[in-house]
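Here is the structure we will look at, set down as structure tokens.
The values are calculated or read from the model by the stated rules, or taken from the named source; none is laboratory data. The model shown is predicted, which means the values in this text are computed figures rather than measured ones. As a convention, Cβ positions derive from the backbone with ideal geometry for all residues, glycine included, and neighbour counts pool all protein chains shown.
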Amino acid sequence: MQLRSFIGDSKLWEDPHPEETKDWAWTEKRLKQWLPALSAPSQTREEISTNAIPRAEMGHRARVHTAVAGLPRNVDWLSNARFGPGVRDVIEGLEEWLAVR
């Protein structure tokens, strides 16, 4: 599983605790609130980019539907590009995906 996290540093996000260092340990602690069984990563990479949270463009949902419909039988695509950028978006997307299985 690949898990991508975006942390703050956006004009849209005001850090409620600017005194805390926002490093991998900080991120992992918060991810475990959503994914308690999350194991240690095999690798991590940090990139600094302002306003990094992607926003879907108009027509994204239709493109996703077309991509999913074109997948080979018994193959599915589960990612934040399909469900949304946040961990919560992916979890809620997976819950809905599981409900139709």
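Taken across segment 76-85, residues that are surrounded by 13 or more Cβ atoms within 10 Å (Cβ to Cβ), hydrophobic (A, V, I, L, M, F, W, C) and part of a helix (DSSP H, G or I) do occur, with at least one present. Of the residues making up segment 86-101, those that are charged (D, E, K, R) and either over 20 Å from the mean Cα position of the chain (by Cα) or surrounded by 13 or more Cβ atoms within 10 Å (Cβ to Cβ) (or both) are D89, E92, R101. Restrict the check to segment 73-96 and report whether at least one residue is closer than 17 Å to L3 by Cα, of a type in the set (D, E), assigned by TED's automatic domain parsing to the domain that holds Q2 and modelled with pLDDT under 85. No, every residue in segment 73-96 fails to be closer than 17 Å to L3 by Cα, of a type in the set (D, E), assigned by TED's automatic domain parsing to the domain that holds Q2 and modelled with pLDDT under 85.
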